[in-house]
Amino acid sequence: MHPEILRRRTFAIIAHPDAGKTTLTEKLLLFGGAIQTAGAVKSNKIKKSTTSDFMEIEKQRGISVSTSVMAFEYGGYKVNILDTPGHEDFAEDTYRTLSAVDSVIMVIDCVKGVEPQTRKLLEVCRMRNTPVIVFINKLDREGRDAFDLLDEIEKELKIRVRPMTWPIGIGKLFKGVYDISAHSLRLFMGDAKDRIVPSVTFTDIHDPAIDREIGHDFAQKLREDVEMIESVYDRFEKEKYLKGEICPVFFGSAVNNFGVKELLDCFVEIAPSPTGRMAEEGFVSPEEKEFSGFIFKIHANLDPRHRDRIAFLRIVSGKFERNKYYHHVREGRELRFSNPTAFMAQQKSVIDEAWPGDVIGLYDPGNFKIGDTLTEGRILHFQGIPTFSPELFRYVTNLDPMKSKQFQKGLEQLTDEGVAQLFTRKTDGRKIIGTVGALQFDVIQFRLKHEYNASASFDVLDLHKAFWITSKNPQALKKFMEDRAPYIAFDKKQRPVFMAESAWIYQMAREKYPDVEFHVKAEY
Ligand code: G4P
């Protein structure tokens, strides 16, 4: 494989809000020299306390463009961190971003353990067998026992773990971490935000020098713990990690810059270099000479005076070059990009070329939809960007008949961007918006007003779920759609959807129409 591909590491940090994702990202960027001072990376979480959530979202949107991709060089590696929104209402966005990475680091707060978002995000990683490294954070707080935490992670997330480092003490008594395979000890000096305390290396765990460093009692406890680890947990095997079967675990304190370097050093060494992707037409390997890539995210209208959008493209194979013509498969036409941008932390710069694993921003006057494929001419449709059944539904109505064009355009563009899903009811053409979280309705209303000068109102629609329907028997599908006509709608790709009012109604439909298949996820 080309050395430029081999040296790339493209990943995302995932965490339940507040576990320390932003703090860890920042420390990694500091190591990579991409930023010089702490506090430079703005958190893109939406603070619960803010009174006007959507104003906050607008602010965050600006921030999140600059933090969408944070690239830096470290020890000969090119590291690309893809940012995921913290707020659970933006889970869809996170799922799409996860389709563009090759591995993830999951941050867990040692006081709180496994939290709901951790669980959901890991499920998505498991679906794709994405390799995961766990970082247990905030060891300077009175957290839970390390073995208990590992037990909880294994049970709740149904994944095997393997500690790579081990904490000595916790909270006020936190002494440091012991690197199990390197036999080295890094002592915790409290607030060492901007410096790295050197580590001390020993011959093995029985080296009496350990007692001198941390005291006899802690040294004894460490020996017992390490013995326990060796007997309880499987040894670390890179192959198993790459298959997503075992997660290496690190301990530290991101805010104190503690345990972060060990994590980064191990990460660049073991994390996968860019992997290929499945397309409808077959697997595409990063080594293939011809360029290909897919759009997984679109940011629109950052400047309300210009209808500018940035489409984020993950390169799957070949080399991307500026000003070269590429094939937009869905639209069947050739496009060329004169200002493709790369992101080095806060800075955006125009690039001449990019390699598999890289994510670039393409200026987009409205050509792209999420999931679009760009190639050097081949007809390819990349898979793996799922659309999930929304959880909340509302009818959307245009309040100002004079502005119906703007209203339509706004709805189309905002849903292209993936803010929400748009369905059209079969019988009367009524528009229905489906979202994962309630916040999106506010976002849509606000952005329609500010960016398109259109006013929308929402009416409650009490639905259980929307199921995409298919059947091997076209007659059966037709009959179902006729019998249930008031509950049939079409998504933006004109795929039929069954709007089930309750779980019971869904169950009845399944029993009565065994030839119809119901999908909560659309990827076909
Ligand atoms: P997130 O992106 O996952 O939502 O979390 P973020 O990094 O913003 O961290 C959440 C809070 O946890 C922050 O405090 C941060 O300083 C703190 N934190 C992160 N790592 C550690 C750690 O190792 N130890 C301790 N004790 N705290 C940690 P905050 O008060 O919400 O924000 P700030 O005012 O400190 O920025």
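The values are calculated or read from the model by the stated rules, or taken from the named source; none is laboratory data. This one's a predicted model, so the numbers in the text were calculated from it and none came from an experiment. All Cβ positions, glycine included, derive from the backbone under ideal geometry; neighbour counts span all protein chains shown. In case anyone asks, the SASA skips ligands and DNA or RNA and just uses the protein heavy atoms, side chains included. Shrake-Rupley method; radii C 1.70, N 1.55, O 1.52, S 1.80 Å.
Structural remarks
Each row is one residue, and each column tells you yes or no for (1) part of a helix (DSSP H, G or I); (2) touching an Asp or Glu at 6+ places or on another chain (Cβ under 8 Å).
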position: G357; (1), (2): no, yes
position: Y363; (1), (2): no, yes
position: R394; (1), (2): no, yes
position: K409; (1), (2): yes, no
position: I433; (1), (2): no, no
position: V443; (1), (2): yes, no
position: F458; (1), (2): no, no
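- Filter result for the condition that a residue is open to solvent by 10 Å² or more (accessible area, probe 1.4 Å), part of a loop (DSSP other than H, G, I, E, B), more than 24 Å from A12 (Cα to Cα) and in contact (Cβ under 8 Å) with a residue 24 or more places away in the chain, over I379, I385: I379
- Scanning the stretch 245-257 for residues that are near the ligand (Cβ under 7 Å from one of its atoms) and assigned to a strand (DSSP E or B) yields a single hit, S253.
- Residue match in the stretch 147-164 (condition: within 15 Å of the ligand (Cβ to nearest atom) and farther than 13 Å from N256 by Cβ): yes
- When G75 is tested against the conditions (1) at pLDDT 85 or above; (2) among the small types (G, A, S); (3) within 16 Å of the ligand (Cβ to nearest atom), the lone failure is (3).
- Residue check: A91 meets all listed conditions (1) of a type outside the set (F, W, Y); (2) modelled with pLDDT of 85 or more; (3) open to solvent by less than 20 Å² (accessible area, probe 1.4 Å) but one, namely (2).
- Within the stretch 344-361, at least one residue is in contact (Cβ under 8 Å) with a residue 60 or more places away in the chain, more than 22 Å from I385 (Cβ to Cβ) and among the hydrophobic types (A, V, I, L, M, F, W, C).
- V132 vs. criteria over 20 Å from Y178 (Cβ atoms), more than 15 Å from the ligand (Cβ to nearest atom), buried (at least 19 other Cβ atoms within 10 Å of the Cβ) and more than 13 Å from the chain's Cα centre (by Cα): no
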